[in-house]
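Taken together, the values in this text are just the output of simple stated rules run on the coordinates, not laboratory data. It should be emphasised that the depicted structure is a prediction, and the values quoted were computed from it without experimental measurement. Cβ atoms come from the backbone with ideal geometry, glycine included; neighbour counts cover every protein chain shown.
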Amino acid sequence: MNKTVLLSGLAFAALVSGSLSMPEARADALMGDTPASRKEMIHTCLLECYSNLRRPEAESEYAIVLQLKPQDPVLHYNYGVFLQKANKIGPAITQYRLATKYDPGNVDFHGVLGQMLMYNKDFNGAYNELGRAIQMPGGDKYKAQYENAVRYKQQADANRAAAATKKSAAPAKARPADDDDD
């Protein structure tokens with residue numbers, strides 16, 4: 001491949017997507033040693049273009065890039081952000097969980113996962129993830145959300161206990177007598 005052609009294509013893609021981000025370095029990467037690295041870079045560039053303009057194409061590019069780099073925590077995190085913006089909360093949470101699995105030391109991955117779990121009313125999950133986040137360096141920014149998660153979790157636990165108490169205290173329903181006139 002000609003480096004000029006690659007630079008032109010990448011510059012066009014950057015203009016279309018609205019972000020000019022070092023096309024020369026990407027052209028060098030496309031000239032890489034392996035077809036897999038070239039394929040990865042091409043699909044990553046397409047993903048950047050589609051993310052701003054065409055959501056369905058971007059989603060299919062995420063699927064391709066995730067097949068090429070299944071353990072990339074940043075890719076999972078970015079896909080989670082993409083899905084969250086599309087209001088696909090369940091799949092976004094799944095991607096955030098994968099990001100924390102592949103990079104358990106990233107405070108923001110845990111913090112954002114905790115926030116999404118809170119939004120989804122999974123207060124125990126939010127409590128756990130935000131608790132992990134505030135224990136990490138830089139986790140102070142999630143302290144207010146953690147305190148909210150603690151309050152919501154306590155309220156949910158109290159509601160569950162009250163419902164269990166009410167259920168156990170309710171009188172057993174009387175069974176109708178078996179009226180066999182035979």
*When the Karplus curve 6.51 cos²θ - 1.76 cosθ + 1.60 is applied with θ = phi - 60°, which whole-Hz ³J(HN,Hα) does each residue of the stretch 79-95 get, with x for Gly and Pro?*
5, x, 4, 4, 5, 4, 5, 8, 6, 9, 5, x, x, 5, 4, 4, 5
*asked:* If amide hydrogens are placed 1.01 Å from N in the peptide plane, which non-local residues have theirs closer than 5 Å to the one on Asp72?
replied: none
_Backbone HN-Hα couplings from phi across the stretch 100-110 [Karplus 6.51/-1.76/1.60, Hz, Gly and Pro as x]_ = 5, 5, 7, 9, x, x, 8, 4, 5, 4, 5
*Ranking Val150, Val112 by Cβ neighbours within 10 Å, fewest first, what do you get?*
Val150, Val112
*Over 24 Å between Cα atoms, which of Lys69/Lys141; Lys85/Lys141; Lys101/Lys121; Lys121/Lys141; Lys143/Lys166; Lys88/Lys121 qualify?*
Lys69/Lys141; Lys143/Lys166
*Determine, for Thr94, Thr100, Thr34, the number of other Cβ atoms within 10 Å of each Cβ, and report the residues in order from fewest to most.*
Thr34, Thr94, Thr100
